[in-house]
1. So how much slack lies between residue 795 and residue 58, counting 0.36 nm per residue of separation and subtracting their Cα-Cα distance, in nm?
2. I'd like the carbon and sulfur percentage of the solvent accessible area for the chain, probe radius 1.4 Å, heavy atoms only, ligands and nucleic acids excluded.
3. Calculate the FRET efficiency for residue 717 and residue 520 from the Cβ-Cβ distance with a Förster distance of 45 Å, rounded to the nearest 0.05.
4. For the stretch 217-227, in order, what is each residue's ³J(HN,Hα) by Karplus, 6.51 cos²θ - 1.76 cosθ + 1.60 with θ = phi - 60°, in whole Hz (x at glycine and Pro)?
5. Can you give the net charge of the other residues whose Cβ lies under 15 Å from the Cβ of residue 69, counting K and R as +1 and D and E as -1?
6. Distance from the Cα centre of the stretch 718-762 to that of the stretch 217-257, in angstrom?
7. Within the set of other residues whose C-beta is less than 11 Å from the C-beta of residue 340, count the net charge using Lys and Arg as +1 and Asp and Glu as -1.
8. Put +1 on the Cβ of each Lys and Arg and -1 on the Cβ of each Asp and Glu in the chain; which of 366, 329, 58 then has its Cα farthest toward the positive end of the dipole?
Amino acid sequence: MRRNYTRALLLALGAGPLAAMHVAAQTVDSAPAVCVGAKTAVELSVTDAQGASISGAHLSLSCGAAVEDEKTNETGVAHFEVPAGAYIVHTDAEGFQAQERTINVMASVAASHFDITLAVRSNAETVTVSASNGSLVAATDIGTRTETLLRDVPQSLQIVSRQVLDQQQARSMNDVLRNVAGVVIPWTSGGRYESITIRGFTTMNQFKDGFRNDPNSNRAPLELSNVERVEVLKGPSSMVFGRLDPSGVVNVVTRSPSPNRAFNASFTSGSFRYNQLNLDWTGAFNKKQSVLYRVTVSGLDTKSFRNYVFTQKAFVAPVVTWVVNPTLSVRLYSEFLIQNSVNDQGLIAVGTRPANVSISTYLNDPKLIAPDRQGKVGISVDKTVGSHWVLRSYERSSVGVSIYNSRVAQSLSTKDNRTITLNDSTSEQNFQTHYWINEAVGRLRTGPIGHTILGGFELDREINPNYAKARPTALGAVTLDLYNPNYAALPARVLEMNLSNNADGAYGGFYLQDQIELRKNLKLTLGTRYDIAKTITDTYFSARGAYVPHVSGRNTAWSPRTGIVYQPMEIVSLYATYAKSFQPQIGTTFDSSPYQPTRGELMETGIRFTNPSQRYVSTISAYQIKQTNVLTADPVHSGYSIGVGEQRSKGIESDNTLQLTRNWNIIAGYAYDIPQVTRDNTIPVGNLLAGAPRHTGNFWTHYTLSNGGLKGLGVGAGVFGSGRRYGDASNTYLTPGYARVDTNLSYSRTLHDTSRLNVNFNVQNVGDRRYFEGGSTRFRIAPGAPRTFIGSITWTR
């Protein structure tokens, strides 16, 4: 009955839209005669139909009698500073058809970005383009919830662009986050969702288009086929995103519809029978280009270097944007996923190291399959009021079910150090979530001082029913030999219902922020947020016939953030920030008092280098993060916990993204971090936090030839490394450090002036190193993949 309800809700949600983050500036159909007010930054990116950037294109912005002219730089980008209003943009480039369109520049955002696509003239013999759009993003809203230039954000962040994802042929979040200093994924919960360690603290703080995408609303690995970029904001950030761990936030930005009709088909094949087909359509439904669409479809069928491990997945994401009029736009978003895989928990520890067995060894029942079904839908609305304010409201709902089939390692015999006892159980894990965000953004001045004001509130609801079955203890343990697993000898499954529970969480918060421009080179960010979190959990233990009703908790917290940016010269930003985070904890102490939320505190200072044409962004930062109210054993009442533990992380790091020329890009970083336990009743003070290496580093570069007989040929290479790390809080075992070398060879060619063919070939782990990504306990250790070959062919029209 419950499964039928979940399927019915999936179908019902499938008929509706799913929201994405706001688009601060939209194409409009007409322009007013006058554009007035304070000036705002505008970035226009000019490409051909295949997405290759066009340098030297001439752009003219006109509003009434006012006209601004500029040419695109080597990366196909032109920058303007103009008052708010609707502008007619005329674009002309040698070998391309001239284009005229209208854009709406809003005063409520610090920077607006527009994409312009030109068609090749039918009589043009040659045209000059770049092989890519570049690896840099000029502005983002991840750090402030307002579109802010990177140079003005008072906190460390890194953005991994679509260009880098394509060059490296990234297939998982692990592949993506290797490009960010101080970030690793020590565990993936059996190949379902990722645990991410940022600056020493492990979290599941993942967002998609600004909406939560953690295990309460998502039970499958990230699908990259519709991803535009991945943003990482480091450190406590509850003022921006609400309830969070102190580690930081990973936000995935999906692709938006484009007014220019295009089709992209890509087929990828590689080692371990990896096969994936991606299809992407985008364009306009009408001549006015006021109704835009994008549909992404992906299918995956792959085995693994791990014995018996496989994944079969189907994914579709339709998106529609409707520009109702110059001041109102609506975006509908949806995505649906069906996946079958297995619950692969990796290897185990023997002594102080991972077991000395083949990394392909599978310690589970190969007959068990773990299916996932989920869908997301929603709507976002942006309304411009006057020339200085934008009102926006966006909502996203999700529903899904995951069958967690488990015969995984639970203990290791101390007698022979080879007999593993398996935890034989299964659970039906359902989720239903709703997130609704409403806010206003405005720009105004008080004398010579400029303000970007943000105010809003958020309401969330998360419902997570879980129904579990387990093997009766009377039937005896299920065991497997670590060094010679005999799967045929595993007994038939006999399970009985032993647990059902329902976790229901209701959350609300309101926030206010002022980004103050005291002078052109001096900016102050002041903000605070108040959150209320209420959780209720009902549990029924079938084996004991016990019902534990309404284990509830109510937490509240203020989360301030203060940041300052000083720019002694245009290319240098010095910043400092203080911020706090808040994360509710479910459960009660011995006296039935609800656990207090964990609190995080960030102190950070850094220097960021940028240049006006956005050819490079480089950040060097030093930080200290402290987490309090961490649960630890109650020394008086056995079996209970109290929130008096403390943990601290401090370190330095550097993230660098460079577009040296239109054909040559680099992304590199290094982090040194000391994450330690500073107070606990059971864990020794000074122990390093689980899954957190002291050293991480990454370097990737790619160059494409633009002239000669080998024009279009690209070569890339990179090194990704991590120091050794402990796999558990007690520091009983280590996974060794490693360095992995990857390479890329690519070729791109334009066909008949209307389509482009791209071929990529990558080798990951060129040296075939044996290494481990990390672990979460002594019985959950993730081995890294051996040498892997990946090839793809992409046709764009």
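The values are calculated or read from the model by the stated rules, or taken from the named source; none is laboratory data. In this text the structure is predicted, and so the values were computed from the model without any measurement. Cβ placement follows ideal geometry from the backbone for every residue including glycine, while neighbour counts extend to all protein chains displayed. To get the accessible areas, we keep the full protein, side chains included, count just its heavy atoms, and leave off ligands, DNA and RNA. Shrake-Rupley method; radii C 1.70, N 1.55, O 1.52, S 1.80 Å.
1. 262.5 nm
2. Percent of accessible area from carbon and sulfur atoms in the chain: 57.
3. Once rounded, the FRET efficiency stands at 0.65.
4. Once θ is set to phi - 60°, the couplings for the stretch 217-227 become 9, 7, 10, 10, x, 4, 8, 8, 5, 10, 9 Hz.
5. Net local charge, residue 69 excluded: -4.
6. 20
7. Residues close to residue 340 contribute a combined charge of 0.
8. The residue sitting most towards the positive pole is 366.
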